[in-house]
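Since the structure comes first, as structure tokens, the remarks are kept for the end.
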């Protein structure tokens with residue numbers, strides 16, 4: 001009887017939590033001052049998966065995807081929206097994971113990076129928070145202010161998403177980070 005209940009619970013979990021509900025996240029990146037498109041900015045999406053443990057919640061990297069903006073500043077990444085509320089309930093059972101909604105990074109050397117730029121005075125008053133997973137915001141235009149001061153550019157340097165195998169999935173991002181290191185006279189970093 002107990003195994004039947006477990007099987008029914010598991011099948012219910014699979015039915016309600018499948019991440020086959022993939023979405024196409026897209027948007028546009030422009031210069032905050034000129035309103036011109038920024039070509040070649042990298043957009044990185046990362047997904048974590050979480051579960052319960054006896055010590056509290058635990059999460060790990062599930063996937064990373066990246067793309068570069070085109071000449072119109074447009075980008076597109078396809079991936080899971082994140083699991084449903086029901087999947088999160090079942091994930092209270094240790095060992096059952098659910099997929100979080102993706103987090104995004106937008107970076108172009110010489111510009112405020114998103115979201116790291118919020119920590120820099122030259123950026124934070126000129127940037128806004130985006131919720132790329134909200135269907136109302138999919139396709140939203142991200143405005144990146146240009147950075148002119150070396151100190152601001154140093155503070156703005158993001159790091160790649162960490163996790164097992166993540167470095168292989170964000171080569172363009174790492175290249176742009178190293179390009180900015182070179183622009184600032186710093187050593188390139190090998191991840």
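Since every read-out is calculated from the coordinates, none of them should be taken as a lab result. Just so it is clear, the model here is predicted, and its values are computed rather than measured. Quick reminder, even Gly has a Cβ in these numbers, built from the backbone with ideal geometry, and neighbours come from all protein chains shown.
Put in line by how crowded their Cβ is, counting other Cβ atoms within 10 Å and starting with the fewest, 26, 168 read 168, 26. In plain terms, the chain from residue 33 to residue 71 could stretch by 11.9 nm, reckoned as 0.36 nm per residue minus the Cα-Cα distance. Sorted fewest first by neighbouring Cβ atoms within 10 angstrom, 97, 114, 191 come out as 191, 97, 114. Remark: 112, 21 ranked as 21, 112, counting other beta-carbon atoms within 10 Å and listing the fewest first.
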